[in-house]
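The values are calculated or read from the model by the stated rules, or taken from the named source; none is laboratory data. Model, not experiment: these values are computed from the prediction. Every residue, glycine among them, receives a Cβ derived from its backbone with ideal geometry; neighbour counts consider all protein chains shown. Keep in mind that these areas ignore ligands, DNA and RNA; they rest on the heavy atoms of the full protein, side chains included. Shrake-Rupley method; radii C 1.70, N 1.55, O 1.52, S 1.80 Å.
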Number of protein chains: 2
Amino acid sequence: MYIEHIVKAMTSNPLLKSAAVEKSSHLEYFNIAVSVDCVIFGYEDKELKVLLIQSDLEEFSGLYSLLGDLVKPDEDLDAASYRVLKDRTGLDDVFLQQVHTFGSVNRHPSGRVVSTAYYSLVDINSHKLNIDSNDLHWHAVKGIKKLAFDHKQIIETCVKMLREQIMEHPIVHNLLPEKFSLRALQELYEAILGTPLDRRNFRKKIALKSWLVELDELEEDVTHRPGKLHKFKTKAVKSSVSKKDKNFFLTMCT
Amino acid sequence: MYIEHIVKAMTSNPLLKSAAVEKSSHLEYFNIAVSVDCVIFGYEDKELKVLLIQSDLEEFSGLYSLLGDLVKPDEDLDAASYRVLKDRTGLDDVFLQQVHTFGSVNRHPSGRVVSTAYYSLVDINSHKLNIDSNDLHWHAVKGIKKLAFDHKQIIETCVKMLREQIMEHPIVHNLLPEKFSLRALQELYEAILGTPLDRRNFRKKIALKSWLVELDELEEDVTHRPGKLHKFKTKAVKSSVSKKDKNFFLTMCT
DNA sequence: TATATTTGTGTATTGAGTACACATTAAAGA
DNA sequence: TCTTTAATGTGTACTCAATACACAAATATA
């Protein structure tokens with residue numbers, strides 16, 4: 001993994017070592033690397049998945065880690081996360097949301113790295129998706145046990161954020177094909193929330209959002225009564241990408 | 001301001017400059033400084049205030065900025081924010097909440113600094129509060145115009161977060177004296193939310209939270225009918241400090 | 001044509017959010 | 001001490017969202 005190579009290279013760099021030892025110099029304050037980690041969620045087989053890569057750090061041999069990289073000196077923090085996403089998946093028309101910054105001293109075994117976590121939702125079956133390495137794999141979030149670094153905690157934090165946001169914004173639109181049944185949408189919500197939902201109440205709630213349009217088409221290849229297909233309104237999807245104002249708290253007493 | 005001195009010192013450091021120029025070296029990735037900025041809120045004269053310091057950067061002469069500092073190589077990110085708070089105010093028993101990390105390339109004129117913002121609520125009139133410098137002043141949030149760096153945006157982001165959280169958690173407890181009237185509490189909420197509230201509905205809503213105990217004492221020194229005094233339950237206050245689980249989103253259909 | 005499986009729909013209940021008005025209390029001043 | 005002033009303290013009606021829950025209609029398959 002790129003970031004790990006670099007860190008290894010740096011911590012063995014005599015210039016840096018001497019700088020770190022030279023306590024009276026203010027240079028020591030630059031001896032912290034800044035990185036981004038992307039929690040890229042997908043959805044397959046009725047499970048929420050996350051894209052992980054085999055760690056190539058000795059300390060974490062056999063473990064997986066998130067996709068991340070050091071931020072370049074002339075690169076905005078947000079831009080770094082888009083670059084990682086683009087480089088790793090070929091996707092660049094997806095929203096990325098900053099979640100939290102992790103900065104424990106010992107979170108990285110090879111040196112001090114402060115990392116900002118972003119999450120994103122991508123279509124595992126998109127034709128645009130282009131996984132660039134055999135080391136990359138989709139893992140069911142539920143089945144994740146031990147990961148490199150503090151990446152398990154990062155994923156947990158992002159899942160929490162994701163759960164908070166899916167009822168407010170139609171961000172899940174690219175976890176499904178363009179046309180989908182309400183059942184498929186409900187299964188997706190259940191997978192993300194990790195809890196079963198009542199069908200009638202779920203439909204009522206979704207209808208209230210007016211995110212969807214009902215099509216004049218039916219599911220095919222199902223062994224039972226087919227459901228009507230739906231798709232997201234382009235308007236709703238756009239607003240989910242740009243809308244950052246969470247003023248749902250303004251449900252205050254007036 | 002400490003952070004600004006250091007950054008000035010570093011960007012004039014020939015060692016660093018050569019490292020930044022040496023593009024083939026991975027050392028360049030350490031040429032990003034990591035800092036924290038604390039948005040320390042207070043409450044006085046029925047206004048939400050924030051603690052600012054006069055900037056000593058030439059570029060920002062005459063402007064105020066937030067309290068911040070570079071993170072030390074052996075210091076957790078969260079610990080750095082507590083250190084800044086403690087050094088600047090003498091307070092160390094206050095919660096600090098991470099809000100967002102700001103990482104635009106050009107946000108700092110003297111060099112690349114990625115900064116994580118935290119917010120905190122402190123009692124302006126606490127006897128423990130010990131403002132260590134004459135350059136430090138409380139400013140009404142509403143009246144803030146131009147600040148150094150992107151600090152105005154940082155404050156806006158933190159105010160947004162604060163507004164979201166005050167109805168979920170009793171975090172405002174140290175913006176008021178131990179004993180206070182419901183009117184005083186309401187004025188505080190109005191100041192934070194920037195909107196008037198209905199008295200009866202506010203009381204109903206607060207009562208529902210069971211954060212308060214009603215005392216057998218009345219306000220004094222008021223020129224009208226005195227209200228009953230209240231205080232926060234210690235239990236409620238403790239949970240506001242530790243509680244990080246925002247599962248209010250679990251109001252999902254079951 | 002019977003069976004299995006899923007779709008599609010509605011109502012009753014509860015609780016929160018909101019709008020809104022009047023009697024009570026204490027202090028201050030005439 | 002009586003009147004004025006300015007705030008406290010309280011309850012009801014309406015709307016809307018959240019929830020629990022059941023049955024008829026549609027399709028595929030055997």
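Summary of computed values
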quantity: Protection-proxy order for peptides B:113-123, B:94-104, each taking the mean of Cβ atoms within 10 Å per residue, highest first; calculated: B:113-123, B:94-104
quantity: Built amide H within the under 5 Å cut-off of A:G68, gap 5+; calculated: A:C38
quantity: Spacing of the two label points (7 Å from each Cα toward its C-beta) at B:A207 and A:E47, in nm; calculated: 5.1
quantity: Copy-to-copy label separations for A:V222, where each label sits 7 Å from Cα toward Cβ, in nm and ascending; calculated: 6.1
quantity: Where GluC sites (Glu not before Pro) fall in DSSP loop in the range B:124-223, at most 14 other Cβ within 10 Å; calculated: B:E168, B:E178, B:E220
quantity: Whole-Hz ³J(HN,Hα) from phi, Karplus 6.51 cos²θ - 1.76 cosθ + 1.60, for the range A:40-46, glycine and proline x; calculated: 9, 8, x, 9, 7, 6, 6
quantity: Trypsin sites (Lys or Arg not before Pro) lying in DSSP loop within the range B:93-176, provided at most 12 other Cβ fall within 10 Å; calculated: B:K128, B:K145, B:K146
quantity: Surface/4 of the Cα convex hull for the range B:171-245, nm²; calculated: 5.7
quantity: Teacher prompt: A:E44 distances to equivalent labels in other copies, 7 Å Cα→Cβ, nm; calculated: 5.9
quantity: Accessible area buried, both sides summed, chains B and A with 1.4 Å probe, Å²; calculated: 5100
quantity: At least 10 Å² of accessible area lost relative to the chain alone, listed for the range A:53-79 with a 1.4 Å probe; calculated: A:L70, A:V71, A:K72, A:P73, A:D74, A:E75, A:D76, A:L77
quantity: Restraint check, B:K179/B:K233; A:K86/B:K72; A:K142/A:K204; B:K72/B:K146; A:K128/A:K209, Cα-Cα greater than 22 Å; calculated: A:K86/B:K72; A:K142/A:K204; B:K72/B:K146; A:K128/A:K209
quantity: Point-to-point label distance, A:V105-B:R200, nm (Cα→Cβ direction, 7 Å offset); calculated: 5.8
quantity: ³J(HN,Hα), Karplus 6.51/-1.76/1.60, whole Hz, each residue of the range A:48-65, x for Gly, Pro; calculated: 6, 10, 9, 7, 10, 10, 5, 6, 10, 7, 4, 4, 10, 4, x, 9, 9, 9
quantity: Mean Cα-pair separation over length for the range A:167-245, i.e. relative contact order, pairs under 8 Å, 6 or more apart, %; calculated: 39
quantity: Amide H contacts of B:A117 (H built 1.01 Å from N, under 5 Å, at least 5 apart or other chain); calculated: B:D37, B:V99, B:H100, B:T101, B:F102
quantity: Euclidean distance between Cα centres, the range B:153-172 to the range B:78-114, Å; calculated: 17
quantity: Normalised contact order of the range A:63-175, rounded percent, pairs of Cα under 8 Å and 6 or more residues apart; calculated: 28
quantity: Computed magnitude of the charge dipole of the range B:171-245 (debye, nearest 20; Cβ of K, R +1, Cβ of D, E -1); calculated: 500
quantity: Whole-Hz couplings from phi, Karplus 6.51/-1.76/1.60, listed for the range B:169-180; x for Gly and Pro; calculated: 9, x, 6, 7, 4, 8, 8, 10, x, 4, 10, 8
quantity: Spin-label pair A:K235/A:L136, simplified geometry with 7 Å Cα→Cβ offset, distance in nm; calculated: 3.5
